[in-house]
Amino acid sequence: MKIALNPDRVIAILCGLVGGFWAYSGWFNYGFWVNKGPGPGFIPVIVGIVTCILAAVQTQNYDKEAEPVDVKAILPIAAMIAFTISVSIIGFLPTVFLFLVLWLITQGSYSRTFSVSLAAIATGLIWGIFEYWLQVPFPGGLIKSLL
């Protein structure tokens, strides 16, 4: 049996995964029913279960004439996941710089010198506004904690 992987199904599957995560977190991490009343996980569990049910229905009722998912459409989602993982390893500012450079070179088709200079300016502005001016500390990452 061949499964058609079109945008309707991909979005439904992703929504189902997110709904399942929130239902699990609400039930096991926050507490569904606490002290004879709804706990902080009550709403996440309800919304998560409803999302899972709707996602399951949508995976069965997808548009059968839709075109298959282009792999380039998944790249931004993969980049966000990789960005999140990189922040915990190398820290926020180095991750911003690297991802701006890589994105501008691969997706924007800009030259390396332009990409590096634009990423340096953007990262410097982010550091200047948040770290220096607003005094909001950025996550340092695993490497900073080891040093």
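The values are calculated or read from the model by the stated rules, or taken from the named source; none is laboratory data. Only a predicted model underlies this, so the values are computations on that prediction, with no experimental measurement involved. All Cβ positions, glycine included, derive from the backbone under ideal geometry; neighbour counts span all protein chains shown.
Can we say residue 44 is without any contact (Cβ under 8 Å) to a residue 40 or more places away in the chain, surrounded by 12 or more Cβ atoms within 10 Å (Cβ to Cβ) and assigned to a loop (DSSP other than H, G, I, E, B)?
On the way: without any contact (Cβ under 8 Å) to a residue 40 or more places away in the chain: yes; surrounded by 12 or more Cβ atoms within 10 Å (Cβ to Cβ): yes; assigned to a loop (DSSP other than H, G, I, E, B): no.
Answer is no for this residue.
If the requirement is being under 30 Å from residue 146 (Cβ atoms) and among the aliphatic types (A, V, I, L, M), which of these qualifies: 49, 89? Steps first, please.
On the way: 49 fails: under 30 Å from residue 146 (Cβ atoms).
Answer to the selection: 89.
Is it the case that residue 49 is assigned by TED's automatic domain parsing to the domain that holds residue 26 and either crowded, with 16+ Cβ neighbours inside 10 Å or touching a residue at least 40 places away in the same chain (Cβ under 8 Å) (or both)?
Working: assigned by TED's automatic domain parsing to the domain that holds residue 26: yes; either crowded, with 16+ Cβ neighbours inside 10 Å or touching a residue at least 40 places away in the same chain (Cβ under 8 Å) (or both): yes.
Criteria met by residue 49.
Please go through the range 47-70 and give me each residue that is assigned to a helix (DSSP H, G or I) and farther than 13 Å from residue 11 by Cα, ordered by number. Can you show your working first?
Pass one, the range 47-70, residues assigned to a helix (DSSP H, G or I): 47-60.
Selection gives 47, 48, 49, 50, 53.
Restricting to the range 55-84, and then to whatever is without any contact (Cβ under 8 Å) to a residue 24 or more places away in the chain and not hydrophobic (A, V, I, L, M, F, W, C), can you tell me which residue is nearest to residue 16 (Cα to Cα)?
60
Would you mention how many residues in the range 23-39 are modelled with pLDDT under 90, more than 22 Å from the chain's Cα centre (by Cα) and surrounded by 12 or more Cβ atoms within 10 Å (Cβ to Cβ)?
Result for the range 23-39: 5.
Yes/no matrix, rows are residues, columns are (1) β-branched (Val, Ile, Thr); (2) closer than 30 Å to residue 131 by Cα:
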{"position": "39", "(1), (2)": "no, no"}
{"position": "74", "(1), (2)": "yes, no"}
{"position": "94", "(1), (2)": "no, yes"}
{"position": "111", "(1), (2)": "no, yes"}
